[in-house]
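To start, the structure itself, in structure tokens.
Each reported figure results from applying straightforward, stated rules to the coordinates on display, with no laboratory input. Keep in mind that this is a model prediction, so the values were computed, not measured. Heads up, the Cβs are rebuilt from the backbone with ideal geometry, glycines too, and the neighbour counts pull from every protein chain shown.
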Amino acid sequence: MNRRWFGSALARINVHAASLLVPHVDRPSWTREWTAELHHLCHVPEDEVPESEDANPLEFSFGAYNDAFWIRCDRLRADGLSGLRSGSAGRCGLLLATAACAALLICFALPGARNALLLLPYRNSGDLVIISSRGYGGAQSPSIALADYEEWTTDTANLYREIAFYRPTIKGVHLAQHDAVRLSVAQASDNLLRLLDLPAVPLLGDASESRLVLSHSAWVAHYYEDPQMVGSTVDIDGRAVRIAAILPDSDWRLPGKVDALLLENPQVLAALPSQTRGFVVARIRNSAFPPPRGGWRRMIETRDGVTRGFDCISVRHLLGQPFVFLFALLLASLALPATTALPLGDYPRRRDHLPVSVNARRWIFLLAKFALVIVIVDLCSTDIAYGLYSSDPVTALYIQIATAFPALLFGFRWILQDQRKRCPECLRLLSSPARVGQASCNFLSWNGTELFCVRGHGLLHIPELPTSWFGTQRWLCLDASWRSLFPDGCSPSPGMV
Amino acid sequence: MLADAKLSHTAAMILQAIHAGQIYGFSVMQMTGLPSGTVYPAMRRLERDGLIVSKWEQQSIADAEQRPPRKYYRLTRNGRATLEAAYERYPLLEKMIPSPEVEQA
């Protein structure tokens, strides 16, 4: 008996929960029917309980979810976009969400934009820096002489846990059964991949010999994904080098276009001219050198009486675009009050007090619009900056700021204007603007534009000229007695008198 | 909907169950063996197509039996004609859910 009672109680809760999924207009009728049938089912004498599964109140109540889902889909099918047009808050949200999804899809379709969006593949990238002698802007070109790098490998052990060098050059790579191809090969110290701490790039061969790590795109473009390539020997400018691994394209995010990495042992690297310039990557020691949180940190070196400065630039800052976008967001937020008024208008408190949920919905809608616009602008600016200019990350940073800042400013202005034109109760766009009053009577009366909510929730008065007694737009609430005058006024309103 | 409009087997079973006197949603479910998530949406579609009509029981009757009023369904003239046409397509329908006339015979 207790079990049956418990099942009935649970079924009743289920039915009421399912009714919440039903559109507001249909809800009372469906809840009433489900409840009546459930009551009948729960009060059938035990010896008359039918054997079918749905005769169990709980099973019956789970079916209500299916019903509710069907009702929701059916209503969407019937109303289509016209239903969303009448409820323009939903339509607005849907359009913004669609735009965000489209921008995200484009972002994933463009390799440069996708890389900028994804997190860096390197473990502990917070202490990973690029050392540049030409400042932040010059970090994309090789600026450190090999002689400096070699001295730092021994002199700066207290500053850096590990330090690596690479320099991209165009070299001819020849494999017996394939044609010779010209590739951008980065001659690198053999600890480069270990320093980057990539999740899994197994290397063939031992560190004493020179090894070639081919990028995935070069492997596909020039060697047609030949699986026999790994382990085979290629000829690079007359030297026989073994291909040790294929590097996924997403794993190379450091400056410089690299089709292949030629990992050299220190002796081979030392044989290069001492003034050969390349990139230097290092892992900083947190105890001696706090991570460059602001983006970069200056390192001063005095040697032979000559003082020189180098910049340790955080790889995360150099390659990670959220910092740039956040900067654009800050700029746009600061500029917004200078370009438009921030107040949303004068909305007097109603005597009958709107439910908290109605008030909250208005603010949630506003915040959702802000969130969606920020996401859209972030993704679109990433698409433009990194999708079209991925070869030069520094230019991409500037392009992202240049596109994100005006887009955010425009977006924020639109959000505020859109919010001001909506009914605070049903969030629909107000309609039928009408000019009221005469400008010549402005001293004794007001003149401006009047809009109304098609559901009869109220009127919005926007003054033509702000005065001391009518400075901003003002909302006039109408009680339920006015509803019959409005086309959509029959539908129930929350907080109706 | 025209009388010769083609019905799905589920819709035909529901029409036949209502014709057989199962006038409440739950009794239709019991008779046809269809789950609640199928029967109610199908009945709403049939109602929209004008094959059945629904009506709420009088409150006084429900009050007398100390229960909430139930919604009952019955076939319209169109619904009856559509069901007659469906017998040709689903000849076993009448045997599965015998209508009162068949039972009396």
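Taken one residue at a time, the phi angles of region A:397-403 give Karplus couplings (6.51, -1.76, 1.60, θ = phi - 60°) of 4, 5, 5, 5, 4, 5, 8 Hz. Gly and Pro are set to x. Take the Cα of A:THR395, step 7 Å toward its Cβ, do the same at A:GLU225, and the gap between the two points is 3.2 nm. A simple packing score, the average count of other Cβ atoms within 10 Å per residue, orders the peptides A:26-34, B:53-61, A:160-168 as A:160-168, A:26-34, B:53-61, with the highest score first. Computed over chain B, relative contact order equals 39 percent, with contacts defined as Cα pairs under 8 Å that lie 6+ residues apart. Annotation: lysines with alpha-carbon distance below 29 angstrom to A:LYS421 (same-chain offsets under eight excluded): A:LYS369. Shielding of peptide A:430-440 by partners, expressed as the average count of other chain Cβ atoms within 10 Å per residue Cβ, is 0. Peptide B:30-37 has a mean shielding of 6, counted as Cβ atoms of other protein chains within 10 Å of each residue's Cβ.
Say R0 is 45 Å: what FRET efficiency, to the nearest 0.05, do B:ARG77 and A:LEU58 get from their beta-carbon distance? For R0 = 45 Å, the calculated efficiency reads 0.70. Taking amide H as placed 1.01 Å from N in the peptide plane, the amide H of B:ILE52 sits under 5 Å from that of B:GLU47, B:THR76, each at least 5 places away or on another chain. In sequence order, region A:67-74 has phi-based couplings of 4, 4, 5, 5, 4, 4, 5, 4 Hz under the Karplus curve 6.51 cos²θ - 1.76 cosθ + 1.60, θ = phi - 60°, and Gly or Pro positions carry x. The slack between A:LEU76 and A:LEU465, meaning 0.36 nm per residue of separation minus the straight C-alpha distance, is 135.7 nm. Count the net charge of all other residues whose Cβ sits under 15 Å from the Cβ of A:PHE405, scoring Lys and Arg as +1 and Asp and Glu as -1. Within the 15 Å Cβ shell, the charges total 0. Shielding by partners for peptide B:20-26, expressed as the average number of C-beta atoms from other protein chains within 10 Å of each residue's C-beta, is 3.
Rounding to the nearest 10 and keeping the result within 0 to 90°, find how far the Cα-based axis of helix B:77-89 lies from the longest principal axis of chain B. Once rounded, one gets 40 degrees. Taking the simple approach of a point 7 Å from Cα along Cα-to-Cβ for both B:GLN58 and A:THR339, what is their distance in nm? In this crude label model, B:GLN58 to A:THR339 measures out at 6.9 nm.
Among the chymotrypsin sites (Phe, Trp or Tyr not before Pro) in region A:209-292, those placed in a DSSP loop whose Cβ has at most 10 other Cβ atoms within 10 Å are A:TYR224. The rule of thumb for compact globular proteins, 2.2 N^0.38 Å, goes into the C-alpha radius of gyration of chain B 1.08 times.
May I ask you to derive the FRET efficiency for A:HIS174 and A:LEU331 from their Cβ-Cβ distance with R0 = 60 Å, giving the value to the nearest 0.05? Numbers along the way, then the final one.
On the way: r = 52 Å, r/R0 = 0.86.
The calculated FRET efficiency here is 0.70.
Placing a label point 7 Å from the Cα of A:VAL358 along the Cα-to-Cβ direction, the residues of region A:445-468 whose backbone N falls under 14 Å of that point are A:453-459. When the square roots of the Cα gyration tensor eigenvalues are ordered a ≥ b ≥ c, the ratio a/c for region A:128-290 is 1.5 or more and a/b exceeds b/c, which makes its shape prolate.
In debye to the nearest 20, how big a dipole does region A:128-290 give about its Cα centre with +1 on each Lys and Arg Cβ and -1 on each Asp and Glu Cβ? Write out the running numbers ahead of the final one.
Numbers: 14 positive and 18 negative charges, 85 e Å.
I would put it at about 400 debye.
Once backbone amide H atoms are built at 1.01 Å from N, A:THR169 has A:VAL185, A:ALA186, A:GLN187 as its partners under 5 Å, excluding neighbours fewer than 5 places away on the same chain. Protection proxy ranking of A:470-482, A:399-411, by the mean of other Cβ atoms within 10 Å over each peptide's residues and highest first, is A:399-411, A:470-482. Proximity of backbone amide H atoms, modeled 1.01 Å from N, is registered between A:GLY471 and no other residue at under 5 Å, excluding neighbours fewer than 5 places apart on the same chain. Placing dummy labels 7 Å off each Cα toward the beta-carbon, the span from A:SER274 to A:GLU209 is 3.2 nm. Taking every alpha-carbon pair under 8 Å whose residues sit at least 6 apart, region A:128-290 reaches a relative contact order of 38 percent.
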